Amino acid sequence: MRVAGFDDAKIAKLLNPPLTTIRQPVKLLAETAVESLLQRIRNPDLAPRAILLDAQLVVRSSSKVTRPA
């Protein structure tokens with residue numbers, strides 16, 4: 001079985017086995033949200049849009065394939 005988590009909480013690397021996770025760009029998410037909100041306030045007629053930001057896969061032991069000895 002392989003297990004992965006989301007958010008790359010600090011505890012993920014301390015677990016046994018260390019948990020593979022997706023690391024979100026939290027600071028960039030906040031900056032983008034604030035900028036989008038300010039744009040919407042300045043121009044309420046802006047069309048809805050989707051904004052996609054890259055996330056990073058942090059591979060740790062919980063998702064690695066191990067073979068029986």
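Quick note: the coordinates plus some simple rules give every number you see, no bench work behind them. Just so it is clear, the model here is predicted, and its values are computed rather than measured. Here the Cβ positions follow ideal geometry from the backbone for every residue, glycine too, while neighbour counts run over all protein chains shown.
Tabulated data
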| item | result |
| --- | --- |
| Cα lying deepest toward the dipole's positive end in the chain, options Asn16, Phe6, Leu38, charges on Cβ | Asn16 |
| Estimated FRET transfer efficiency (Arg49, Asn16; beta-carbon r; R0 35 Å; 0.05) | 0.25 |
| Local electrostatic count at Gln39 - Lys and Arg +1, Asp and Glu -1, tallied over other residues with Cβ under 15 Å | 0 |
| Rough spin-label spacing in nm, given labels placed 7 Å along Cα→Cβ, for Arg42 and Lys27 | 2.3 nm |
| Expected 222 nm ellipticity per residue - DSSP helices of 4 or more, -39500 (n - 2.57), all of the chain, to 500 | -8500 deg cm²/dmol |
| In sequence order, calculated HN-Hα J values of the range 34-41 (Karplus, 6.51, -1.76, 1.60; Hz; x Gly/Pro) | 5, 4, 5, 5, 5, 4, 5, 5 |
| Radius 15 Å from Cβ of Leu14, net charge of other residues (Lys, Arg +1; Asp, Glu -1) | +1 |
| Integer Hz, Karplus 6.51/-1.76/1.60 couplings in order for the range 58-63, x for Gly and Pro | 10, 7, 10, 5, 5, 10 |
| Lys, Arg +1 and Asp, Glu -1 on Cβ, resulting dipole of the chain about Cα centre, debye, nearest 20 | 400 debye |
| Total formal charge among the other residues, if their Cβ is under 11 angstrom from that of Ser61, Lys/Arg +1 and Asp/Glu -1 | +4 |
